[in-house]
1. Once fully extended, how much extra length lies between Glu69 and Thr186, figured as 0.36 nm per residue of separation less the alpha-carbon to alpha-carbon distance?
2. What ³J(HN,Hα) values, in whole Hz, does the Karplus curve 6.51 cos²θ - 1.76 cosθ + 1.60 give for the stretch 29-36 when θ = phi - 60°, with x put for Gly and Pro?
3. How many percent of the accessible area of the stretch 1-56 is carbon or sulfur, using a 1.4 Å probe?
4. Quick one: Karplus J couplings for the stretch 169-174, per residue in order, coefficients 6.51, -1.76, 1.60, θ = phi - 60°, nearest Hz, x for Gly and Pro?
5. What accessible area per residue, rounded to a whole number of Å², is obtained for the stretch 152-198 using a probe radius of 1.4 Å?
6. Treat each spin label as a single point 7 Å out from the Cα along the C-beta direction, and report the Thr27 to Glu42 distance in nm.
7. Around Thr132, which amide H atoms from residues at least 5 apart in sequence, or from another chain, sit under 5 Å from its own amide H, with H modelled in the peptide plane?
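The values are calculated or read from the model by the stated rules, or taken from the named source; none is laboratory data. Quick caveat, the model's predicted, so the values are computed rather than measured. Note: ideal-geometry Cβ built from the backbone for every residue, glycine included; neighbour counts use all protein chains shown. Protein only, heavy atoms only, side chains kept; ligands, DNA and RNA dropped before computing areas. Shrake-Rupley method; radii C 1.70, N 1.55, O 1.52, S 1.80 Å.
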Amino acid sequence: MKRSRGFSFFEVMIVFFLTSLILVVTTRLAHETFVSLRFLEEKAQTVQSATLGLERLSSELREAVNVRESGTVVRFDKVDPQAPFALDYDLNSSPNHNPGEPTDNPGPEQWHLDYTSDAFDRNQWGLVEYYTDGERLLRKVSKGVNFATSNVANNVNSFTVLPTSGSSTAAYQVSLSLLEQRRVVTFVTIVVIPGLEP
């Protein structure tokens, strides 16, 4: 009968080395997976922020009736979507009257061509501004002395709205650059404004 002997020092060191190697590789793999997931999450947030910001700006800019300023700040007038009346059907000019019942073919004397007054002689234009505060893209809507400001996009590096040349319609190029893990990602879109002269 043979006597069983224990592991030699060399065998123990090999097992210890292999175990350590497996732990290091597993830890490294878990760390790389975590970094990749964090990168993908930040990329998704950047794309979502840029997409929502550009979509909101583009949809409002398409409704502009007058662009006051473009560049790193864009200011434009748009008609208040809650404007009650644009036509004065009964041609009564008193301040708080009912504009009358709609007719099928209102005459030119009933038209309000520039939206600066409705049937109650109220200006229905609102001023919309998009600008950055160095980190965020902000939207400010003013009507008279009242205004409201909201955040449109975060981690903004730069923002410009410039008119395009050579187009038969009024068009603007909107560029929004966002910071993403020490990288700058730029999103560009062209917005055609059907209500404006080129």
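1. Numbers: separation 117, 0.36 × 117 = 42.12 nm, distance 2.19 nm.
Working it through step by step, the gained length comes to 39.9 nm.
2. 4, 5, 5, 4, 5, 4, 4, 5
3. On the way: 3740 of 5260 Å².
For the stretch 1-56, the apolar C and S fraction of the accessible surface comes to 71 percent.
4. Result, rounded to whole Hz: 10, 6, 9, 10, 9, 9.
5. Details: 2660 Å² over 47 residues.
The answer is 57 Å² per residue.
6. Placing both labels 7 Å beyond Cα along the Cβ direction yields 2.3 nm.
7. Here the answer is Leu138, since their amide H atoms fall under 5 Å of that of Thr132.
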